[in-house]
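What follows is one structure encoded as structure tokens, with my remarks underneath.
The values are calculated or read from the model by the stated rules, or taken from the named source; none is laboratory data. The model shown is predicted, which means the values in this text are computed figures rather than measured ones. Cβ atoms come from the backbone with ideal geometry, glycine included; neighbour counts cover every protein chain shown. Ligands, DNA and RNA are excluded from the accessible area calculation, which covers all protein heavy atoms including side chains. Shrake-Rupley method; radii C 1.70, N 1.55, O 1.52, S 1.80 Å.
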2 protein chains.
Amino acid sequence: MCDGCACGQKERQVPLGISNRHIHLSQEHIDVLFGEGYQLQEIKDLSQPGQYAANEVLTVVGNKGVLQGIRILGPARKQTQVELSQTEARQLGIKAPLRESGNLAGTPGCVLIGPKGPLVINEGCIVAKTHVHFHTEDGLRMNIKDGDKIDLLVKGEKEVIFCGVIARVGDTHKLDFHLDTDEANAAMAKNGDFAYIVNRD
Amino acid sequence: MCDGCACGQKERQVPLGISNRHIHLSQEHIDVLFGEGYQLQEIKDLSQPGQYAANEVLTVVGNKGVLQGIRILGPARKQTQVELSQTEARQLGIKAPLRESGNLAGTPGCVLIGPKGPLVINEGCIVAKTHVHFHTEDGLRMNIKDGDKIDLLVKGEKEVIFCGVIARVGDTHKLDFHLDTDEANAAMAKNGDFAYIVNRD
């Protein structure tokens, strides 16, 4: 049973944050959707340094459905990327594969609608692979190296272990386990809850 | 890592089935929603003996949203019960608690709409506690007793362990691990996949 896990050992504890569906845009696509040279307006810092929630939202349209008010995260990136939960991908009728952020080759596209009109993107829709961020110091303390795959127990109202979660370790990372809304809802977890690194033989 | 688990041991393997949101109705509520003395029409047997999907569907209304075409499962029960995923409960604006089926005291209600008009129910909305069915023979073979709490590894496109899952063992049960759509989507699992009983020390 889970009671035998490494829970309660504070040095193995990782705060968790729930990632809602969101969009990263290239500057080229910002220009099309919001107007030439438009700059995203930052409204809230995110847990990872330099990343922010923008004031701007878009409508995402798939073959079977529409999602309105989808938040854009800044700053602009090299490639436009739409991150959905599996539940949302199904609602939209978009066969978004499980991918690491930035690995977009062969992924399906969608239609994005902004104030300056619709934009058809040919790729960029994914369900993001579960990942956990460690600052270099946290990685050293917890003996986790960049690229390690680890098992994390989420103790919400339920207890669920996410296996083989990719660790990203570096000086620009802040300790944080990212769950999407399906994962959080499956564990009935909420922001402010903790995950625990579980060692199994 | 998960590779060290009991996976691959066929005797510990349990088929999994995904439970969509659904409604169980009392005969009293069937009368109100479909007409006096109405009988549900069976269209498909479910995995558990005697249970079936009915032809009839209802609209469920909460404070924040509406879900249409929600399947009724038969036969009629003593109490009306609306089983939602956490994602759907949030969409509807219904604070459905995590409960075992049938334990409805103090749960929130909703409005159900059928062909004979709306019905306000004062309780009955839950997120069903994850559970796994064993026929008595399977329980003996796998050394699982009714009421045991066990850990089950779901190997979909991701690997997720659901901890403390309640085992229901009896002659009227058929071997089956029930996941709701949040749990299935979190593991990217589909009907026909398997779960594996995991032993941990």
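Based solely on its DSSP helices, what 222 nm [θ] is calculated for chain B when runs of n ≥ 4 H residues each add -39,500 (n - 2.57) and the sum is averaged over all residues, nearest 500 deg cm²/dmol?
Rounded to the nearest 500, it is -3500 deg cm²/dmol.
Can you give me the long-range amide H partners of residue A:129? Hydrogens built in the peptide plane at 1.01 Å from N, cutoff under 5 Å, separation of 5 or more residues or another chain.
A:99, A:100, A:101
According to the square roots a ≥ b ≥ c of the eigenvalues of the Cα gyration tensor, what is the shape class of region B:14-74, taking rounded for a/c under 1.5, prolate for a/b larger than b/c otherwise, and oblate for the remainder? Intermediate values should be presented prior to the final figure.
Details: a/c = 2.53, a/b = 1.19, b/c = 2.12.
In terms of gyration-tensor shape, oblate.
Kirkwood Rh over Cα pairs of the protein assembly as shown into Stokes-Einstein at 25 °C, 0.890 mPa s: D in µm²/s?
Translational diffusion coefficient: 108 µm²/s.
Which value, in Å³ per residue, describes the convex hull spanned by the Cα atoms of region A:20-128?
93
Counting partner chain Cβ atoms within 10 Å of every residue's Cβ in B:160-167, what's the average?
Per residue, the number of nearby Cβ atoms from other chains is 6 on average.
Residue A:130 accessible area, nearest 10 Å², 1.4 Å probe?
Only protein atoms counted, so the area is about 20 Å².
Using a cut-off of under 14 Å, list every residue of region A:59-78 whose amide N is near the label point 7 Å from the Cα of residue A:44 along the Cα-to-beta-carbon line.
Counting backbone N atoms under 14 Å from the label point, the list is A:70-74.
Order the following by accessible area, largest value first: B:196, B:38. Probe radius 1.4 Å; ligands, DNA and RNA are ignored.
Largest accessible area first, the list is B:38, B:196.
For peptide A:85-91, how many partner chain Cβ atoms fall within 10 Å of a residue's Cβ, on average?
4
Could you name the lysines whose alpha carbon sits less than 19 Å from that of residue B:149, not counting residues in the same chain fewer than 8 places away?
A:155, A:158, B:129, B:174
Determine the residues within region B:171-201 where the difference in accessible area between the chain on its own and the full set of protein chains amounts to at least 50 Å²; count protein heavy atoms only and use a 1.4 Å probe.
Checking the loss per residue gives B:185, B:188, B:200.
So with the 1.4 Å probe, I'd like the accessible area per residue for the protein assembly as shown, rounded to whole Å².
Details: 18500 Å² over 402 residues.
Normalised by residue count, the accessible surface of the protein assembly as shown is 46 Å².
Taking both sides together, what accessible area is buried at the B/A interface, probe 1.4 Å, expressed in Å² and rounded to the nearest 100? Before the final figure, lay out the partial values.
Details: alone 10530 and 10530 Å², together 18500 Å².
Summing both chains' loss of accessible area gives about 2600 Å².
First compute the accessible area of region A:20-128 with a 1.4 Å probe, then give the percent of it belonging to carbon and sulfur atoms.
48
Report the calculated FRET efficiency for residue B:68 and residue B:26 (r = Cβ-Cβ distance, R0 = 30 Å), to the nearest 0.05.
Step by step, r from the Cβ atoms, then E = 0.85.
Take every DSSP beta bridge whose two residues both sit in chain B, then give the antiparallel share in percent to the nearest 5.
About 70 percent, rounded to the nearest 5.
Calculate the mean, over all residues of peptide B:151-159, of how many other protein chain Cβ atoms lie within 10 angstrom of the residue's Cβ.
4
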